[in-house]
Amino acid sequence: MASISRNSKTGLRVLLVICPDGVRRRIRLGRVTARQAEDIQRHVEHLAACKDTGSPLPPSTAEWLGAVPDTLRGRLVLCGLAEGRARANVPTLKAWLDEYTQGRGDVKPRTRVIYGNVQRNLLDYFAPVRPLDSITTGEVDGFAVYLRTCAKLAESTARRRMGIAKQFFRAAVRRRLLAENPFDGQAVSARANPKRMAFVSRADTAAVLAALPDARWRLVFALARYGGLRCPSEIAGLKWSDISWEPKRERFTVRAVKTEHHADGGIRVVPVFPELAPLFRDAFEAAEPGTFYCCPQYSANICAQMYRKMVLQAMTRAGVKPWPKLFQNCRASRETELAESYPVQVVCSWIGNSPAVAAKHYLQTTEEHYTRATAEVAQNVAQQSPEMPRNTLNDESPEAVLQAATSDCTPMQINLVRHQGLEPWTR
């Protein structure tokens, strides 16, 4: 027989049952309703009776035992009322990571590189032969510290890698290889790092453009700085057929590989800004007949390296100090400039991001903003003229100051108040 009791302080229900070994034990049920506790009591009594008599379980109790949570199932096992669940064939950490990454044929090459970095971090911290279900939440806390200390990753990079690791283990939960995700509760949202944000001035931009070797390379850097294009994917993919030279409708079409899964297919139309128009013409005139792409082409693996290498060499020749996040800050600087003159929805449609992302990762406060603000304050102060007469209290007596302040007052005729006062007189 089993009975239900309830803790008067916590309100938690406990099931008291006599186990097959004759010992009376307590099974904590937690925060369940009275009806749920009675249902558990009924099934537990069937389990105890069947253990004593060796008879088969009723179908309803067998079905309930198969669906009972692991926590309650474990308590029944400790009481000798049930058998432990047969452990699934859980793979090792390395086996699962290889299976998952190889099965993701839908990801882009750059994403696959990031997957490889996260996989390397996981295998370095946890043993490759570690069973997947043996990794605990506490060990994941240590892994988060490891990324920031031993791996020496920036806060934003560490958060992104924690998010991808969480994705790996979430897929294992969906495959029913894990009961829960040990990465749940970890901080995975990327944060902007103000120390790595820099506004690329037009003077530095002009110096770098002058130091680049030819018109096509100048167009590469100008598209990043004055077009706000992602480098290298959007710049390398720009074709001459994407440019419209129609008068008063000069614009070009950008195809973003990063956002091609969005509703718009990653396609946006950007104006040919005045800074870009002459560079487009120079690159077009210098291009060989039959040239398909506007900018130099390389394989996907080395395109970013070559673009960065050429720009850094030009910066060295021009005497310009490299800024962090070379092309990202070019794109952010352009969006900051455009936000001064156009509505945010227009700017975001040209740059290819959302207002929330722009505010968090792109828009910057520049030195020009401070200069303009202080200049406007100084101009307003200079334009204001004093309306009240200035009195020097040290040189004049208080009576003189009062007389000067009231000299322009116009006297008013005030009726005398009679004995009955201000209110109407009544009997």
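The values are calculated or read from the model by the stated rules, or taken from the named source; none is laboratory data. Not measured: the values here are computed from a predicted model. Every residue, glycine among them, receives a Cβ derived from its backbone with ideal geometry; neighbour counts consider all protein chains shown.
Residues in segment 276-287 that are buried (at least 17 other Cβ atoms within 10 Å of the Cβ) and either closer than 16 Å to residue 230 by Cα or of a type in the set (D, E, K, R) (or both): 276 alone.
The condition of being among the aliphatic types (A, V, I, L, M), surrounded by 16 or more Cβ atoms within 10 Å (Cβ to Cβ) and at pLDDT below 95 holds for only one of 222, 263, 215, 236, that being 236.
Scan segment 17-32 for residues that are within 15 Å of residue 72 (Cβ to Cβ) and free of Cβ contacts under 8 Å to residues at least 60 places away in the same chain and jot them down. 25, 26, 27, 28, 29, 30, 31, 32, listed by residue number. Here residue 182 fits the description: under 23 Å from residue 140 (Cα atoms) and of a type outside the set (S, T, N, Q).
Every residue, every condition in (1) out of contact with any helix residue (DSSP H, G or I) (no Cβ under 9 Å at 6 or more places or on another chain); (2) more than 28 Å from residue 177 (Cβ to Cβ), yes or no:
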{"residue": "15", "(1), (2)": "no, yes"}
{"residue": "22", "(1), (2)": "yes, yes"}
{"residue": "36", "(1), (2)": "yes, yes"}
{"residue": "39", "(1), (2)": "no, yes"}
{"residue": "47", "(1), (2)": "no, yes"}
{"residue": "51", "(1), (2)": "yes, yes"}
{"residue": "56", "(1), (2)": "no, yes"}
{"residue": "75", "(1), (2)": "yes, no"}
{"residue": "81", "(1), (2)": "no, no"}
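Residue selection: residue 312 satisfies the criterion of being more than 27 Å from residue 106 (Cα to Cα), surrounded by fewer than 17 Cβ atoms within 10 Å (Cβ to Cβ) and modelled with pLDDT of 95 or more.
Looking only at residues that are within 32 Å of the chain's Cα centre (by Cα) and of a type in the set (Ser, Thr, Tyr) in segment 224-252, which one is nearest to residue 304 (Cα to Cα)? Among those that are within 32 Å of the chain's Cα centre (by Cα) and of a type in the set (Ser, Thr, Tyr), it is 233. Within segment 217-225, identify whether any single residue is assigned by TED's automatic domain parsing to the domain that holds residue 323 and more than 25 Å from residue 358 (Cα to Cα), and answer yes or no. Looking through segment 217-225, at least one residue is assigned by TED's automatic domain parsing to the domain that holds residue 323 and more than 25 Å from residue 358 (Cα to Cα).
For segment 188-204, filtering for residues that are touching a residue at least 24 places away in the same chain (Cβ under 8 Å), aliphatic (A, V, I, L, M) and out of contact with any helix residue (DSSP H, G or I) (no Cβ under 6 Å at 6 or more places or on another chain) leaves 1. One residue alone among 74, 66, 103 is under 30 Å from residue 4 (Cα atoms), surrounded by fewer than 12 Cβ atoms within 10 Å (Cβ to Cβ) and among the small types (Gly, Ala, Ser), and that residue is 66.
Within segment 206-231, being of a type in the set (Gly, Ala, Ser) and in contact (Cβ under 8 Å) with a residue 40 or more places away in the chain holds for 207, 210, 211, 215, 222, 224, 227, 228.
Give segment 274-293 a look and list any residue that's touching a residue at least 12 places away in the same chain (Cβ under 8 Å) and under 25 Å from residue 201 (Cβ atoms), or say none. Reasoning before the result, please.
To start, the set of residues in segment 274-293 that are touching a residue at least 12 places away in the same chain (Cβ under 8 Å) comprises 275-277, 279-280, 282-287, 291-293.
Matches in segment 274-293: 275, 276, 277, 279, 280, 282, 283.
Taking each residue of segment 232-248 that is more than 16 Å from residue 296 (Cβ to Cβ) and looking for partners that are in a strand (DSSP E or B) with beta-carbon atoms closer than 7 Å, six or more apart or interchain, yields 242/252; 242/253; 243/252; 244/251; 244/252. For residue 332, the test of being aliphatic (A, V, I, L, M), assigned to a helix (DSSP H, G or I) and touching a residue at least 24 places away in the same chain (Cβ under 8 Å) is passed.
Can you confirm whether residue 290 is more than 23 Å from residue 218 (Cβ to Cβ), surrounded by fewer than 16 Cβ atoms within 10 Å (Cβ to Cβ) and not polar (S, T, N, Q)?
It is false that residue 290 is more than 23 Å from residue 218 (Cβ to Cβ), surrounded by fewer than 16 Cβ atoms within 10 Å (Cβ to Cβ) and not polar (S, T, N, Q).
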